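Quick note: the coordinates plus some simple rules give every number you see, no bench work behind them. Small disclaimer: the values here were computed from a predicted structure and weren't measured. Here Cβ is always computed from backbone atoms with ideal geometry, including for glycine, and neighbour counts include all displayed protein chains.
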Amino acid sequence: MSAPILSIRDLRVSFPTPAGLVRAVRGVNFNLEPGELVGVVGESGSGKSVSFLSIMGLLPPHAQVSGSAILAGQEMIGVDRDTVRRMRGKKVAMIFQDPLSALNPVQRVGAQIVEMIQSHQHLDDDAAHARAMELLDLVGLPQPDVRARQYPHQFSGGMRQRVMIAMAIANDPDVLIADEPTTALDVTVQAQILDVIQEIRRMTDTAVVFITHDLGVIARIADRVEVMYAGNCVEKAPVGDLFAHSNHPYTRGLLASLPVVGRDRLSPIVGAPPNMLAPPEGCAFRPRCPHAADECRGASGELVQAGPTLSACVRISEIGVSR
Ligand SMILES: Nc1ncnc2c1ncn2[C@@H]1O[C@H](COP(=O)(O)OP(=O)(O)O)[C@@H](O)[C@H]1O
Ligand SMILES: [Mg+2]
């Protein structure tokens, strides 16, 4: 195995609030190999966005962040803002659910891409413009020369997301973090954007972290999956193994709640995710878990091999390991 391009160790993020400390991320470990596409999945509020925003230096200043995230050899946690800013765009880029919020409404799309290119590369205007056209073509935007002269509001949601992807890869980053980039799009457009991301990864060998609450999207696009619950990773596996041999009750619950042809009733997980002001001790899934027992109170959260997956469930042998 090659050296990881991103290595996160014991990442913790808390937010002081009037009600107390919100413990959003509680000891995440995560490795990303060059060129691989890892899906990060979990219900809303599980700490997916906060984990990766912390690496990008994009959390509000009052956030308390500890741990380590080494990206292309550079520590990203607890270092000065300039260092993180220099890495952003050049070594790591992020795309979001709502591209409109990340685009400047009063600047032509082409000029925004040119600016992004010139902020990290010494290219003259003609060369940067040519590169912008190439990027728009790469992300499948028809008539790039016409489109480059338009403003963001003249684009559909899917086309805007293509523009965001073009900007994100403008400086050939080692890592692209995609945070629910297709969640706001209808199914057909969503599929097209997933194709664009796959295509980019084939052409550029950029490693991708794909954050989503949607296991269906993960199944389509990821090599490997990490399942998050209440600020922790509870299971990791290659994508096929996660779907066929999941070994954590939370993941099994997520899978059982997927719509499947021929199954006419969905079984959603009962209850709600915990309050992150006071998450349950031990396994945080315990209050919702059909298999919970006393020993779950003392669960450390350590991931242990169970069949083909790594699972944080301390009772998985009793419940039944799927191999
Ligand atoms: N700025 C903030 N202040 C306080 N709590 C926050 C802030 N940002 C996120 N959180 C909390 O952190 C937790 C994780 O949020 P997030 O990472 O956005 O979840 P996800 O992306 O998995 O839906 C949630 O409980 C959320 O309410
Ligand atoms: Mg999120």
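So if the hydrodynamic radius of the chain is defined as the Kirkwood radius over C-alpha pairs, what does Stokes-Einstein give as its diffusion coefficient at 37 °C and 0.692 mPa s, in µm² per second?
Working: Rh = 20.7 Å.
Result for D is 158 µm²/s.
Report summary: the helix-based calculation at 222 nm, which adds -39500 (n - 2.57) for every DSSP H run with n ≥ 4 and divides by the residues of the chain, gives -9000 deg cm²/dmol.
Counting other Cβ atoms within 10 Å as a rough exposure proxy, the listed residues E235, E115 run E115, E235 from fewest neighbours to most.
Placing +1 on the Cβ of every Lys and Arg and -1 on the Cβ of every Asp and Glu, with no other charges, gives the chain a dipole of roughly 620 debye about its Cα centre. Projecting label points 7 angstrom from Cα along Cα→Cβ for S322 and Q150 puts them 4.4 nm apart.
Each peptide among 313-320, 207-214, 80-87, 279-286 gets the average number of other Cβ atoms lying within 10 Å of its residues, and from highest to lowest they stand as 207-214, 279-286, 313-320, 80-87.
In the chain, a dipole from Cβ-located charges (positive for Lys and Arg, negative for Asp and Glu) runs towards its positive end, and of A256, T212, I95 it is A256 whose Cα lies farthest in that direction.
Helix 157-168 axis versus longest C-alpha principal axis of the chain: approximately 80°, rounded to the nearest ten. Subtracting the Cα-Cα distance of S101 and E295 from their residue separation scaled by 0.36 nm leaves 65.3 nm. When peptides 293-303, 156-166, 17-27, 178-188 are ranked by their average number of other Cβ atoms within 10 Å per residue, the highest-first order is 156-166, 178-188, 17-27, 293-303.
How much length is gained on full extension from E302 to L277, taking 0.36 nm per residue of separation minus their Cα-Cα distance?
On the way: separation 25, 0.36 × 25 = 9.00 nm, distance 2.18 nm.
Full extension of this stretch gives 6.8 nm more.
Given a Förster radius of 41 Å and the C-beta distance between S7 and R220 as r, what FRET efficiency does 1/(1 + (r/R0)^6) yield to the nearest 0.05? Show your work: numbers first, answer last.
Working: r = 26 Å, r/R0 = 0.64.
Working from the Cβ atoms, E equals 0.95.
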